[in-house]
Amino acid sequence: MHYREVETAREYVARLETGADWRAEIEALAEAVEADAAWFTALGAVQDAELWFYEQDDCEYYPIELEEPLEVASCVGNVSLLDGEEQSSSSSRTQSDDDRFAHTHAVLSDAEGTTYAGHLNEATVWAGELHMRVFEESLEREYDETTDLDLWL
Amino acid sequence: MHYREVETAREYVARLETGADWRAEIEALAEAVEADAAWFTALGAVQDAELWFYEQDDCEYYPIELEEPLEVASCVGNVSLLDGEEQSSSSSRTQSDDDRFAHTHAVLSDAEGTTYAGHLNEATVWAGELHMRVFEESLEREYDETTDLDLWL
Amino acid sequence: MHYREVETAREYVARLETGADWRAEIEALAEAVEADAAWFTALGAVQDAELWFYEQDDCEYYPIELEEPLEVASCVGNVSLLDGEEQSSSSSRTQSDDDRFAHTHAVLSDAEGTTYAGHLNEATVWAGELHMRVFEESLEREYDETTDLDLWL
């Protein structure tokens with residue numbers, strides 16, 4: 001187990017925009033408030049969704065497409081920098097939004113209460129309410145050979 | 001995307017009372033500590049539950065009734081004021097508990113591990129454990145034409 | 001409803017170790033940072049899992065065994081001391097890790113997005129990301145006659 005003490009610098013509540021992409025909205029917030037590391041929980045509803053399941057045998061993500069309105073019964077995730085690319089103002093590199101990655105897991109449910117869950121790649125927001133705490137420290141994902149995933153710490 | 005910086009004024013842990021209503025207990029806590037805006041997560045078990053699914057086509061909630069003991073595998077939500085009615089001590093209006101609304105989503109599961117999820121309207125507590133952070137700022141819900149819902153921000 | 005104001009002393013993010021037990025990792029973190037009370041949320045994936053369902057009629061936990069890779073779509077829980085045994089440095093008793101109990105609920109999902117949820121007893125970590133807030137105050141579980149459970153507050 002690897003752990004680090006962190007300090008919450010700032011906190012935000014957000015309403016995700018109807019019609020926008022759920023995860024892109026979270027990354028847009030991270031970008032707007034210059035969060036290099038954050039933790040969030042959220043709830044709401046979406047008009048459709050693409051979940052991803054990580055196949056541990058072949059180390060590949062496989063999509064699960066859902067083309068119907070769904071409640072977001074739970075959403076937990078974090079924001080970190082991919083590939084350890086820091087958002088430094090002194091950097092001469094051009095930074096894009098893509099550097100801040102919102103690792104997002106969600107539990108969705110339909111009109112019968114039936115649930116679908118996994119890694120949320122994209123989903124069209126119907127209504128979304130989010131709480132995000134931004135850490136003083138940055139979190140940077142780096143390649144992990146065992147899982148073939150980008151992990152932080 | 002609409003967002004606001006908030007500051008956590010106080011934090012609470014609570015044990016929801018066996019036999020009481022899950023959401024009413026959360027609203028009672030909000031009332032007791034005079035929380036006009038809060039964010040919470042919780043876990044536990046209930047004796048029954050009524051979930052709501054929001055039908056986006058006709059903008060109506062439809063109930064899903066569950067008459068059996070269920071684990072509360074996840075519960076995420078927030079407290080806000082409905083209709084922007086502030087809990088001001090200088091107000092001459094008579095305030096009721098109803099003004100503080102706990103928007104509550106939950107994932108429930110039965111003896112087979114099968115899950116049911118959605119907007120939690122009511123549920124009889126078996127055991128419940130909750131963490132609530134109260135914000136300095138208030139959150140007030142107002143009518144949103146697009147979704148026909150009361151949204152904040 | 002029973003509640004207590006708490007204060008966050010410290011916060012941590014952790015990466016749970018691939019191949020280790022999910023809940024043991026959380027308890028190891030609590031042990032490492034001497035957390036007598038904490039609240040956490042987490043996400044990730046596991047290689048298998050044993051969920052427990054609490055049968056409210058006979059007040060017994062029954063296991064649900066899952067022998068396949070699963071996403072951890074949501075994980076919410078808290079750390080407390082069992083039986084009110086305090087982790088006092090002035091204590092002459094020998095303390096073991098077992099005193100710190102991570103009450104852990106989780107929602108898991110498979111390759112089809114189908115979900116399984118409940119009280120998480122054990123699960124082999126594939127990848128896990130956790131945020132834990134440690135409280136100044138301790139939480140001690142004591143026997144509750146009505147539910148036949150160890151509850152705090």
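The values are calculated or read from the model by the stated rules, or taken from the named source; none is laboratory data. Fair warning: this is a prediction, and the values are worked out from it, not measured in the lab. Methodologically, a virtual Cβ is constructed for each residue, glycine included, from the backbone with ideal geometry; neighbour enumeration extends over all protein chains shown. Protein only, heavy atoms only, side chains kept; ligands, DNA and RNA dropped before computing areas. Shrake-Rupley method; radii C 1.70, N 1.55, O 1.52, S 1.80 Å.
Observations, loosely collected:
- Selection count, region C:45-87, where residues are closer than 29 Å to B:Met132 by Cβ, open to solvent by 20 Å² or more (accessible area, probe 1.4 Å) and of a type in the set (Phe, Trp, Tyr): 2
- Options B:Asp150, B:Asp98: the member that is assigned to a strand (DSSP E or B) and at pLDDT below 95: B:Asp150
- Residue within region A:129-140 that is modelled with pLDDT under 95, open to solvent by less than 40 Å² (accessible area, probe 1.4 Å) and over 30 Å from B:Leu151 (Cα atoms) present: yes
- Residues that are away from chain B (no Cβ under 12 Å), in contact with a strand residue (DSSP E or B) (Cβ under 7 Å, 6 or more places away or on another chain) and either of a type in the set (A, V, I, L, M, F, W, C) or at positive phi (or both) within region A:21-37 comprise just one, A:Ala37.
- Failed item, numbered, when A:Ser91 is tested on (1) modelled with pLDDT under 95; (2) surrounded by 23 or more Cβ atoms within 10 Å (Cβ to Cβ): (2)
- Residue list for region A:56-71, restricted to those being at the interface with another protein chain (Cβ under 7 Å from one of its Cβ atoms) and among the hydrophobic types (A, V, I, L, M, F, W, C): A:Ile64
- Checked against (1) touching a residue at least 60 places away in the same chain (Cβ under 8 Å); (2) facing chain B (nearest Cβ under 9 Å); (3) on the phi < 0 side of the Ramachandran plot, A:Gly44 passes all but a single condition, namely (3).
- Against the list (1) more than 7 Å from every other protein chain (Cβ to nearest Cβ); (2) modelled with pLDDT of 95 or more; (3) assigned to a loop (DSSP other than H, G, I, E, B), the condition A:Thr18 fails is (1).
- Here B:Glu11 passes the criteria (1) in a strand (DSSP E or B); (2) acidic (Asp, Glu); (3) open to solvent by 30 Å² or more (accessible area, probe 1.4 Å) except the one numbered (3).
- Matching entry among A:Glu25, A:Glu34 (being open to solvent by 10 Å² or more (accessible area, probe 1.4 Å) and in a helix (DSSP H, G or I)): A:Glu25
- Leading residue by the ranking (least open to solvent (accessible area, probe 1.4 Å)) among those in region C:104-128 that are outside any strand (DSSP E or B) and among the small types (Gly, Ala, Ser): C:Gly113
- Taking the criterion of being crowded, with 16+ Cβ neighbours inside 10 Å, in contact with an Asp or Glu (Cβ under 9 Å, 6 or more places away or on another chain) and of a type outside the set (Lys, Arg), the residues of region A:141-152 that qualify are A:Asp150, A:Leu151, A:Trp152.
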